[in-house]
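Worksheet: the structure to be examined is printed underneath.
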Amino acid sequence: MSKPAAPLKGRAARLARLMPSTGPSTAARTPFVLLVVLLLGGGLITLLLLNSALNEGSFRLSELKRDTTELTDEQQALQRDVDSRSQPDALEKRARELGMVPGGSPAFLNPDGTVRGKPTEATAPPPSPSPSPTPSPSASPDPDAPAAGPSAPGASAGPSGSPSPSGSVSTTTPDPSAAPAAENSPPPTSPGR
């Protein structure tokens, strides 16, 4: 009888090798499954953090683009202002408002110290004669009546010397004695030059 039991042992051993046992293999799979779950969870969390960082960067980028557009518009408006104020006719108008006059013919110094050309002094053009106010037909010929002039109410000139809205004409001219004598004073120099 020992002979038939031996082949069963062999068959049982082969079957035992083919069929997995439940005890030790389940314990060996648990760390692997946990490792896979942790890797997938970590990957998803990393992807979520990366996505939120990219969204934050895109919001910051759109805000910076908007700020750049606003600053570009402001820079262009300021450049238009500078361009309009640096046109020759605008410069001439502002210079005349400050009491400046066009210069005379210039003289140049040669490298050897000789003067080339004949300098002339800049003179202000004679003021244009302003038309005298004509009396209105309703004005009385009485010589004791006050004359309509710059001292009359409503007849004052604006800050630019233009006539007031009432239609009167200002007869004020710049006082040459009030202007400082800049011709005799040397031009200011900066230190180090």
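In what sequence, largest accessible area first, do Arg60, Arg29 appear using a 1.4 Å probe?
My answer, sorted largest first, is Arg29, Arg60.
Net charge near Pro102, counting Lys/Arg +1 and Asp/Glu -1 over other residues with Cβ under 10 Å of its Cβ?
0
Given labels modelled 7 Å from the Cα in the Cβ direction, how far is it in nm from Ser105 to Lys65?
Each label point lies 7 Å from its Cα, and together they span 6.3 nm.
The values are calculated or read from the model by the stated rules, or taken from the named source; none is laboratory data. Computed from a predicted structure; not experimentally measured. Cβ sites come from the backbone with ideal geometry, for glycine too, and all protein chains shown count toward neighbours. Ligands, DNA and RNA are excluded from the accessible area calculation, which covers all protein heavy atoms including side chains. Shrake-Rupley method; radii C 1.70, N 1.55, O 1.52, S 1.80 Å.
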